[in-house]
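Peer 1: I have a structure I would like to understand better, so I am pasting it below and will then ask my questions one at a time.
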Amino acid sequence: MPRIAAVRSLTTLLLLAVAVSACSTGSDGGPAPGPAGASASKAGDRGRPVLAFVQPQRRTVMLADATGLVWKAAGTGRQVPTELAWSPDGRRLAWTDPADGGTTGRLHVLDVTTGKKVSHPCPCHGIGFLGGDAVSLASDGSALLTFSTAGAPQRLPLTRSKGPYAQLATGGSDDVTVFTPLPEGPGVFRGQGTLDAVDRQGRIRPLLPAKSPSTLAQAWRAPDGKAVAWANSDSGGACWTTSTLFSHTGAAARPQRLLPGDSAFRQALIGDQRAITSAAWAGKGVTVTYAGLESCQAPYPGRAVSYYVRDGKWTFLGNGLLGIALGADGRTARLRGGKDAVDATQARTGTLGLTSAGREHELAEGVSSFLFTPAESAAAKAPAAVAQPSAATVVTTDDHGKPLPGPVLELARRIEDAADHGDVDALVRLCDSCREDVLEWVRREEAPADILKAIRMHPGRNGPQGMLYPGLSFCVDEPGQDATCTPQHLRDVALLGLKAGRDMDFGGSTYTPAPAGAVPLTIAVERNGAARWTGLAAG
């Protein structure tokens, strides 16, 4: 929508004020104790931070060194930053406050070695570094605003204005990345736009092919300042957001779509409803965490999957994290979901840990974002893979996570072993209580494979008759419903290859096993506790 003339006039005045405004300075760097078990940092440690992070509820920017010592870098005031930017040498941190109540926003640059913070009025969008200078995009999209360590801020006009809704996505060594939303229309839906590189001369170079817009939620520049990665967020409605990671070499090339397709990702069952909760460069590769949409999908830790990807090769790093980043000498920062996934500031927070020299340090709770220094990120090596979640075994719990009775589990394993070896005679003996028509089915060529699939699912309680494999009959992938899918349901849905459907009574996706999804096996539990395979639920 076009802005009214009064707002445009105010914006112009504020832009002019940037170049002549006086800087305000202050020191917020007093030491602060870390969580239980962590020590407060000594003054000498301040010259060697490796990691910065934000605690929204405490309204602080914090720093940590390689040994896990933590100290307060600066207070943020009422406006808590959503992202931080490191200078290439790791000596300065920058962040912005958004405009509020008709006033201009502010840009802050902190010298992490001295604790001195310099704040500038900044009618601007976004934050990064252009070489050694903190940089943002003027709020009218006409110029880059650079903030060096000395002297007044500088205004670098663009060869073509990007408009008032453009933003600086991330910085770089020789150029920055700017995202510009496009008006909705044929071939362009809500939130899509162009992605461009802009250098110190204000020259604009498109990074996307013609007529190939992208969306952008956040971007990350490689430690060498060349390649860039970004999370798009295709809009299809509040509960149908589809986020995907893209990377671009920075040279004349098409962007690369980065989406895993392994067993861990399939079992997370996030599909076309997914978010990127964190990403970071690690050497020549990128770490990324894909997760479900907590407000729309059943929220379980297993639906968050983390990876390292380089040159198209994916390395699975585990489930249940909000984010992961890699540093030098094997250092790894992990953000795990906290007691309150979303705090009072509406930031998604968790508990931040740092693994260093083989030891895990808990740095802080209530952390929303974290960032290794460029030197740490540049020195990161490819990590070892975590084992993929296994589907090739009988489970030990029912479809609501309760332990199975010992005799049921023992019988299930015997059925599994016979089916896995294609031993039809053994299956017939195990099904000695079954009707003849069921035994005829058991003797079919395809039966062992169907039985094997069913017996490896989570069983459901089948009233006084015992257990039913698999237990899933219907569930809805939406939080807070009586029929909300359990983690066990979702795992079985993924392994059965069921497709999401819609139900008039629910807003979320629903899952009902198709006839070919799995043959339901019935196991009865006698009064004496013995378990018997009695046949098929469908007869």
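The values are calculated or read from the model by the stated rules, or taken from the named source; none is laboratory data. Everything quoted here is computed from the prediction, not taken from an experiment. FYI the Cβ positions are ideal-geometry reconstructions off the backbone, even for glycines, and counts take in every protein chain you see. When the accessible area is computed, the model is the full protein with side chains, heavy atoms only, and any ligands, DNA or RNA have been set aside. Shrake-Rupley method; radii C 1.70, N 1.55, O 1.52, S 1.80 Å.
Peer 1: Give the residues of region 66-91 that are open to solvent by 30 Å² or more (accessible area, probe 1.4 Å), closer than 21 Å to Cys124 by Cα and touching a Phe, Trp or Tyr at 6+ places or on another chain (Cβ under 8 Å), sorted by residue number.
Peer 2: Glu83
Peer 1: For region 94-108, state whether one or more residues are in contact with a Phe, Trp or Tyr (Cβ under 6 Å, 6 or more places away or on another chain), open to solvent by less than 40 Å² (accessible area, probe 1.4 Å) and free of Cβ contacts under 8 Å to residues at least 40 places away in the same chain.
Peer 2: yes
Peer 1: May I pose another question? Kindly list the number of the only condition in (1) surrounded by fewer than 16 Cβ atoms within 10 Å (Cβ to Cβ); (2) of a type outside the set (Val, Ile, Thr); (3) within 30 Å of Cys296 (Cα to Cα) that fails for Gln201.
Peer 2: (3)
Peer 1: Farther than 25 Å from Arg334 by Cβ and modelled with pLDDT of 95 or more - does that describe any residue in region 387-394?
Peer 2: For region 387-394, residues farther than 25 Å from Arg334 by Cβ and modelled with pLDDT of 95 or more: present.
Peer 1: What residue, among those in region 148-184 that are β-branched (Val, Ile, Thr) and at pLDDT 95 or above, is most open to solvent (accessible area, probe 1.4 Å)?
Peer 2: Per the stated criteria, the residue is Thr159.
Peer 1: I'd like to verify a number: residues in region 462-474 that are within 12 Å of Tyr511 (Cβ to Cβ), in contact (Cβ under 8 Å) with a residue 60 or more places away in the chain and of a type outside the set (A, V, I, L, M), how many?
Peer 2: The total comes to 1.
Peer 1: Can you say whether Thr113 is at pLDDT below 95 and either open to solvent by less than 10 Å² (accessible area, probe 1.4 Å) or on the phi < 0 side of the Ramachandran plot (or both), as far as the supplied structure shows?
Peer 2: Spelling it out, Thr113 is indeed at pLDDT below 95 and either open to solvent by less than 10 Å² (accessible area, probe 1.4 Å) or on the phi < 0 side of the Ramachandran plot (or both).
Peer 1: A further question follows. As an exercise: evaluate Arg257 against (1) in a strand (DSSP E or B); (2) surrounded by 15 or more Cβ atoms within 10 Å (Cβ to Cβ) and give the number of the one condition it does not meet.
Peer 2: Tallying (1) in a strand (DSSP E or B); (2) surrounded by 15 or more Cβ atoms within 10 Å (Cβ to Cβ), Arg257 fails exactly one: (2).
Peer 1: Right, something else. Assess whether Lys402 counts as being of a type in the set (Lys, Arg), closer than 30 Å to Met62 by Cα, modelled with pLDDT of 95 or more and within 32 Å of the chain's Cα centre (by Cα).
Peer 2: no
Peer 1: Something else: How about region 288-299: which of its residues are under 24 Å from Ala219 (Cβ atoms) and either touching a helix residue (DSSP H, G or I) at 6+ places or on another chain (Cβ under 7 Å) or open to solvent by less than 10 Å² (accessible area, probe 1.4 Å) (or both)?
Peer 2: Val288, Thr289, Tyr290, Ala291, Gly292
Peer 1: Which residues, taken from region 220-247, are over 20 Å from Thr277 (Cα atoms) and open to solvent by less than 40 Å² (accessible area, probe 1.4 Å)?
Peer 2: Passing the criteria: Gly225, Ala227.
Peer 1: Can you name every residue in region 430-448 that is within 22 Å of Thr393 (Cβ to Cβ) and surrounded by 12 or more Cβ atoms within 10 Å (Cβ to Cβ)?
Peer 2: Within region 430-448, Leu430, Cys431, Val442, Ala447, Pro448 qualify.
Peer 1: Mind counting the residues in region 365-413 that are part of a loop (DSSP other than H, G, I, E, B) and open to solvent by 50 Å² or more (accessible area, probe 1.4 Å)?
Peer 2: 13
Peer 1: Right, next: For region 300-319, how many residues meet the condition of being free of Cβ contacts under 8 Å to residues at least 40 places away in the same chain, surrounded by 16 or more Cβ atoms within 10 Å (Cβ to Cβ) and assigned to a strand (DSSP E or B)?
Peer 2: 1
Peer 1: Please determine whether any residue of region 270-279 is in contact with an Asp or Glu (Cβ under 6 Å, 6 or more places away or on another chain), open to solvent by less than 30 Å² (accessible area, probe 1.4 Å) and among the hydroxyl-bearing types (Ser, Thr, Tyr).
Peer 2: no
Peer 1: Return a yes/no flag: does region 127-138 have any residue that is open to solvent by 40 Å² or more (accessible area, probe 1.4 Å) and at pLDDT below 95.
Peer 2: Checked against the condition, which is being open to solvent by 40 Å² or more (accessible area, probe 1.4 Å) and at pLDDT below 95, region 127-138 yields no hits at all.
Peer 1: Another one. Sort out which residues of region 285-297 are in contact (Cβ under 8 Å) with a residue 60 or more places away in the chain and either farther than 26 Å from Thr82 by Cβ or part of a strand (DSSP E or B) (or both), and write them in order of number.
Peer 2: Within region 285-297, Gly285, Val286 meet the criteria.
Peer 1: Can you go through Ala229, Ala264 and tell me which one is outside any helix (DSSP H, G or I) and of a type in the set (A, V, I, L, M)?
Peer 2: Result of the check over Ala229, Ala264: Ala229.
Peer 1: Moving on to the next point. What single numbered condition from (1) within 24 Å of Leu107 (Cβ to Cβ); (2) among the β-branched types (Val, Ile, Thr); (3) modelled with pLDDT under 95 fails to hold for Val54?
Peer 2: Condition (3) is where Val54 drops out.
Peer 1: Looking only at region 258-276, how many residues end up being free of Cβ contacts under 8 Å to residues at least 40 places away in the same chain and in contact with a strand residue (DSSP E or B) (Cβ under 6 Å, 6 or more places away or on another chain)?
Peer 2: 2
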